[in-house]
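The next block holds one structure in the form of structure tokens; read it before the comments.
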Amino acid sequence: MAARLIDGKAIAAEIRREVRLDVAAMDAQTGVVPCLAAILIGNDPASATYVQNKARACKEVGITSVRIDLPADLPEALLLQEIARLNSDPAVHAILVQLPLPPHISEKRVLETILPEKDVDGFHPANLGGLLVGKPLFVASTPLGILELLNRSNVGIEGKHAVIVGWSVVVGKPTAFLLLQHHATVTICHIKTRDLAAHTRQADILVVAAGKPGLVTGSMVKEGAVVIDVGVNRLIDGRVVGDVDFPRVAEKASLITPVPGGVGPMTVAMLLRNTVDACRRIRDAGCSQGAAGDYIG
């Protein structure tokens, strides 16, 4: 069996077109344009590139983006003050702080300070906890993108056995809960899992997000499985590869995402959708700082 590619670039482009229409309609009907504020601390080149790409995507769909550059040695208290200012700004509907942060700043405190209703990254404890009971305001963009790839590729989830390799709060755990909500039977594997192949060979849907190139080989995948490769690994020769041995796994899978061009483009597309949803929710609820202040950490 030769796997059919799940074209993340094409699906992400379709979502961006939908978002662009939503933004235009919102502007025409209400005069309100969604606004995303992105905070970048320090001058890490990779982080700067990520923020630049998000700003470019916002411009493409008509979302206003504000970039706030802060020095790497900024005291944590001043960063929290900046987030509080954005929380209280009615013109800002969505806030993200680009990770990772400098060592002297607590990621936990920073993420807890962003209002859940502006937390389009889905990392606030209220949103993570809401996912557990099926009622988050926002879910992280990468897990949402994975779900969208499956849905738009007509992959039935209900009753399937989904195996997740990787248990991070950013990808593994939220993906597992999303699939559970769609009535999959879910197994989560991690660095301590014994005989990983025994688990992955049972997967109808296999999501690999371990950050280790070539971790999953062809012999670890059952015939006809749907494989979602979240890994992005740059090799010493400059090539970018995923966490699965693509040529071998593609011989066994029915559907597979490439790297690059699979999950990656979906992450930004779903961030745009979350930003529009944040704007709509805040507008419809008449959200104010006073109404939401109890969430501030």
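The values are calculated or read from the model by the stated rules, or taken from the named source; none is laboratory data. The structure presented is a predicted model; accordingly, all values stated were derived computationally and were not measured. Every residue, glycine as well, gets a Cβ built from its backbone with ideal geometry; the counts of neighbours run over all protein chains shown.
A compact table of results
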| item | result |
| --- | --- |
| Within the range 17-52, tally of residues that are surrounded by 13 or more Cβ atoms within 10 Å (Cβ to Cβ) and closer than 20 Å to residue 230 by Cα | 3 |
| In the range 266-297, the residues that are at pLDDT below 95 and buried (at least 19 other Cβ atoms within 10 Å of the Cβ) | 282 |
| Any chance residue 148 is out of contact with any Pro (no Cβ under 7 Å at 6 or more places or on another chain), touching a residue at least 24 places away in the same chain (Cβ under 8 Å) and among the acidic types (Asp, Glu) | yes |
| Some residue of the range 66-86 being over 30 Å from residue 106 (Cβ atoms), surrounded by 15 or more Cβ atoms within 10 Å (Cβ to Cβ) and in contact (Cβ under 8 Å) with a residue 12 or more places away in the chain | no |
| Residue in the range 250-271 that is over 21 Å from residue 152 (Cα atoms), in contact (Cβ under 8 Å) with a residue 12 or more places away in the chain and either among the small types (Gly, Ala, Ser) or part of a helix (DSSP H, G or I) (or both) present | no |
| Where a residue in the range 227-248 is in contact (Cβ under 8 Å) with a residue 12 or more places away in the chain and its partner, wherever it lies, is polar (S, T, N, Q) and assigned to a strand (DSSP E or B), with Cβ under 9 Å and at least six apart | 240/233; 241/233; 242/233; 243/233 |
| Qualifying residues in the range 53-64 (those that are surrounded by 20 or more Cβ atoms within 10 Å (Cβ to Cβ) and out of contact with any Lys or Arg (no Cβ under 6 Å at 6 or more places or on another chain)) - the one nearest to residue 276 (Cα to Cα) | 63 |
| Inter-residue pairs, beta-carbon under 8 Å, first at pLDDT below 95 and in the range 1-23, second part of a loop (DSSP other than H, G, I, E, B) and among the aliphatic types (A, V, I, L, M), 6+ apart | 1/253; 3/253 |
| Some residue of the range 33-43 being at pLDDT below 95 and either out of contact with any strand residue (DSSP E or B) (no Cβ under 7 Å at 6 or more places or on another chain) or within 25 Å of residue 97 (Cβ to Cβ) (or both) | yes |
| Residue count, the range 151-163 (criterion: small (Gly, Ala, Ser) and free of Cβ contacts under 8 Å to residues at least 24 places away in the same chain) | 1 |
| Filtered residues of the range 77-116 (kept if in contact with a Cys (Cβ under 9 Å, 6 or more places away or on another chain) and within 20 Å of residue 140 (Cα to Cα)) | 92, 93, 94, 115 |
| Residues located in the range 92-108, provided they are surrounded by fewer than 19 Cβ atoms within 10 Å (Cβ to Cβ) and under 20 Å from the mean Cα position of the chain (by Cα) | 99, 100, 107, 108 |
| Only one of 203, 162, 176, 197 that is under 19 Å from residue 230 (Cα atoms), modelled with pLDDT of 95 or more and surrounded by fewer than 16 Cβ atoms within 10 Å (Cβ to Cβ) | 197 |
